[in-house]
1. For the range 58-93, which residues satisfy the criterion of being of a type in the set (K, R) and touching a residue at least 12 places away in the same chain (Cβ under 8 Å)?
2. Can you find a residue that is of a type outside the set (D, E), closer than 30 Å to V99 by Cβ and touching a Leu at 6+ places or on another chain (Cβ under 6 Å) anywhere in the range 49-59?
3. Given the options R56, R101, R31, R96, name the one that is of a type outside the set (G, A, S), outside any helix (DSSP H, G or I) and either on the phi < 0 side of the Ramachandran plot or open to solvent by 60 Å² or more (accessible area, probe 1.4 Å) (or both).
4. Report whether or not R65 is in contact with a helix residue (DSSP H, G or I) (Cβ under 8 Å, 6 or more places away or on another chain) and either assigned to a helix (DSSP H, G or I) or modelled with pLDDT under 95 (or both).
Amino acid sequence: MEDALHKSVQILIAAACIVVISAGSIWLMDRKQQADTEAAKVEAMFSALERKNEARRKAEADACRADLAAYDNGSIIAFVQRAKGGDMLAEVKKCRDLVNR
């Protein structure tokens, strides 16, 4: 009788272990899925930010090209406005560096 009781307890413990391990596995898979979803969101935001920064850089380069063309034709107004009371020639150099990248 004691052997049957011990065997029943062992079976019950084994079943409990299987349930706990299964529940832990399901929880870990769910956490991984959440992490993957979050990583995909972050990647999408990062890509959008990169595209936005690239568009901003291209727009700035285009504006510099136009201002440099005017500067080369004798108009300094754009660079005076860019300098805002600072060094206009530094702004010209900054634009030339940006365009030549």
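The values are calculated or read from the model by the stated rules, or taken from the named source; none is laboratory data. Just so you know, these numbers come straight off a predicted model, no measurement behind them. With ideal geometry, Cβ positions are generated from the backbone for all residues, glycine too; neighbour counts draw on all protein chains shown. The accessibility values were calculated without ligands, DNA or RNA, using every heavy atom of the protein model including side chains. Shrake-Rupley method; radii C 1.70, N 1.55, O 1.52, S 1.80 Å.
1. R65, R82
2. no
3. Of the residues listed, the single one that is of a type outside the set (G, A, S), outside any helix (DSSP H, G or I) and either on the phi < 0 side of the Ramachandran plot or open to solvent by 60 Å² or more (accessible area, probe 1.4 Å) (or both) is R101.
4. Answer is yes for this residue.
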